[in-house]
Amino acid sequence: MAISTTVAICLGAYFLIPAMLYWLLPRDPTIHPRKRAIVLVLGDIGRSPRMQYHVLSLVETGFLVDFVGYTDTAPLQSITENPDIRIHEIKPAEKLSLPRGLPFIVVAAIKLVYLTKQLYQILRSLKNAEYLLVQNPPSLPTMFVCYIFTTFMSRRTRYIIDWHNFGYTVLALKLASEKNILVRISKWYEHWFCRYAFAHLCVTKVMAEVLVRDFKINAFRIIPLPDRPAIQFQPLSAEAKADLFATSTIFSGFNPATDKVVITSTSYTPDEDLTVLLDALSQYDSSSTPEKPLPKILTVVTGQGPLQEQFLSEVSRRSWSNVQLRTAWLPAEEYPVVIGAADIGVSLHLSTSGWDLPMKVVDMFGCGVPVIARDFPALSELVVPNRNGLIFNTSDDLAKQLIDVFTTPQLLRTIQKGARVECGNRWTEMWRITAGPVFHIPNREDLTEVESSSSSDDEY
Ligand SMILES: *[C@@H]1O[C@H](CO)[C@@H](O)[C@H](O)[C@H]1NC(C)=O
């Protein structure tokens, strides 16, 4: 009797105590049932399309995403309306009111401390996420903060850098010198702290080569993930085009039967010399004679940025009779529509490093619009002359190519066809195949029966 009671009590305790503990003890609040990723850009979220696409791809594959960045302009609706995405605002250091007349180095230091503190506070509240995906550049102070975060505060978090360019080349352009001590420090800093990342995504194959050669990063940790058009960039139907021409103020006075639309988008930064476009347009304008008239061109320049005022005053000094130029800042939903209406796009992007590629060209291809692009080393990974566009160096080249394209229908048709081919090769599939494994996401092909393999797979 006594023994069986003891046994019963022991057995009961053996099963009950863990069960009670399980019910009574508080759950660890940091363990989430779903995978979490932090996506960080020290820039305006609305103007960081590639980071927005990363976020959407992560959410589509089941992640909860904390999206950290500035919130100057509205991101895509699919981001703001998605309950699985939380946006965390960084307040830009530019809004700090500092006394005038401080030396550059002091202002820079104060701004760095201000940003570091904010990043630290935001990240601290997001501990234990599985992944931290960070855009570079800017690398100061993000790379350092991310290193501290993933090494000391949240060790389970895997730190992944998405290389859009190199921070020190952007700084060198800003300071107009390669040899400036700040440029050298920033180069050292970037070389040093990028090594702590678990993996590296980058926008071109040449950039991957530079990361291996100059940054001494293990090649197997680097995954080139070229920009591809997102789903909202689609060719415009003839009806939608006609509708746009009839209703949009950008196109008021435009005659679709005879006139041509040239589009360029810009962020009015020093790495794009818009004067080249203006010079080419002037040349185009004066090349049209009564005997041999050229089609009228409406040039639409979309975007926002620091050098916009300067550009507008330069435009106002030109007088054209055959060419018109209009500027616009378009919401994310309207931008693809206006691009889709163009006969041809122009890209003036001149990479600071030579190793990144202009996103706007990718967007234009998404809309099936061919592109005349300014030449630099990586460009051939994207634009193939006479197949999906043309490549130029000088305003003379550009003027000549505009004349060629608008007087040789065969040429325009050929490159338009080439741009349509590009348009079939999309971000979502590319992301799953190349970036997916970094985030342990199986390819769709591994999950389901092999679907008809798309022609894009073997290209990258
Ligand atoms: C542009 O200039 C570079 C360097 O001079 C040259 O290698 C390249 O072929 C030129 N590209 C075009 C399209 O003329």
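The values are calculated or read from the model by the stated rules, or taken from the named source; none is laboratory data. Note that the structure is a prediction, hence the values are computed from the model and not measured. Methodologically, a virtual Cβ is constructed for each residue, glycine included, from the backbone with ideal geometry; neighbour enumeration extends over all protein chains shown. Remember, those area values only see protein heavy atoms, side chains included, never the ligands or the DNA or RNA. Shrake-Rupley method; radii C 1.70, N 1.55, O 1.52, S 1.80 Å.
Within region 217-229, does at least one residue satisfy the condition of being closer than 30 Å to Ala257 by Cβ, touching a residue at least 12 places away in the same chain (Cβ under 8 Å) and buried (at least 16 other Cβ atoms within 10 Å of the Cβ)?
yes
Could you check region 308-356 and list, in sequence order, the residues that are aromatic (Phe, Trp, Tyr) and within 26 Å of Phe406 (Cα to Cα)?
Selection gives Phe311, Trp320, Tyr335.
Exactly one of these conditions fails for Ser380: (1) at pLDDT below 95; (2) within 16 Å of Pro229 (Cβ to Cβ). Give me its number.
Failed condition: (2).
Sort out which residues of region 373-391 are free of Cβ contacts under 8 Å to residues at least 24 places away in the same chain, more than 8 Å from the ligand (Cβ to nearest atom) and farther than 16 Å from Lys360 by Cβ, and write them in order of number.
Ser380
Quick check, is Thr394 in contact (Cβ under 8 Å) with a residue 12 or more places away in the chain, more than 16 Å from Ala342 (Cβ to Cβ) and more than 16 Å from the ligand (Cβ to nearest atom)?
In short, no.
Is region 252-262 home to any residue that is at pLDDT below 95, touching a helix residue (DSSP H, G or I) at 6+ places or on another chain (Cβ under 8 Å) and open to solvent by less than 30 Å² (accessible area, probe 1.4 Å)?
yes
If you check Leu330, Leu325, which single one turns out to be open to solvent by 10 Å² or more (accessible area, probe 1.4 Å), in contact with a strand residue (DSSP E or B) (Cβ under 7 Å, 6 or more places away or on another chain) and part of a loop (DSSP other than H, G, I, E, B)?
Leu330
Hey, among the residues in region 268-291 that are part of a helix (DSSP H, G or I) and hydroxyl-bearing (Ser, Thr, Tyr), which one's surrounded by the most Cβ atoms within 10 Å (Cβ to Cβ)?
So, considering only residues that are part of a helix (DSSP H, G or I) and hydroxyl-bearing (Ser, Thr, Tyr), the one surrounded by the most Cβ atoms within 10 Å (Cβ to Cβ) is Tyr284.
Can you find, within region 160-182, the residue that is modelled with the lowest pLDDT among those that are open to solvent by 40 Å² or more (accessible area, probe 1.4 Å) and charged (D, E, K, R)?
Glu178
Going by the structure shown, is Ser351 under 18 Å from the mean Cα position of the chain (by Cα) and within 15 Å of the ligand (Cβ to nearest atom)?
Taking the combined requirement at face value, the residue satisfies it.
Quick check, is Ala373 open to solvent by less than 20 Å² (accessible area, probe 1.4 Å), closer than 21 Å to Pro49 by Cβ and in contact with a Lys or Arg (Cβ under 9 Å, 6 or more places away or on another chain)?
Taking the combined requirement at face value, the residue does not satisfy it.
State all residues of region 296-345 that are closer than 25 Å to Asp363 by Cα and touching a Ser or Thr at 6+ places or on another chain (Cβ under 6 Å); if no residue qualifies, say none.
Val301, Thr302, Gly303, Gly305, Leu325, Ala328, Leu330
Say we look at region 292-322 and pick out the residues that are more than 21 Å from Pro229 (Cα to Cα) and of a type in the set (Ser, Thr, Tyr); which of these is least open to solvent (accessible area, probe 1.4 Å)?
Among those residues, the one meeting the criterion is Thr299.
Taking region 120-133 on its own, how many of its residues are surrounded by 23 or more Cβ atoms within 10 Å (Cβ to Cβ) and either touching a Ser or Thr at 6+ places or on another chain (Cβ under 6 Å) or in a helix (DSSP H, G or I) (or both)?
The total comes to 3.
Quick one: which of Lys205, Lys187 is more than 20 Å from Leu330 (Cα to Cα), under 20 Å from the mean Cα position of the chain (by Cα), open to solvent by 40 Å² or more (accessible area, probe 1.4 Å) and touching a residue at least 12 places away in the same chain (Cβ under 8 Å)?
Every option except Lys205 fails the conditions.
If I ask for residues that are surrounded by fewer than 23 Cβ atoms within 10 Å (Cβ to Cβ) and either touching a helix residue (DSSP H, G or I) at 6+ places or on another chain (Cβ under 9 Å) or not polar (S, T, N, Q) (or both), which ones from region 380-390 would you list?
Across region 380-390, the qualifying residues are Glu381, Leu382, Val384, Pro385, Asn386, Arg387.
Only residues that are in contact with a helix residue (DSSP H, G or I) (Cβ under 8 Å, 6 or more places away or on another chain) and either under 17 Å from Val361 (Cα atoms) or within 14 Å of the ligand (Cβ to nearest atom) (or both): list them for region 398-414, please.
Leu398, Ala399, Leu402, Asp404, Leu412
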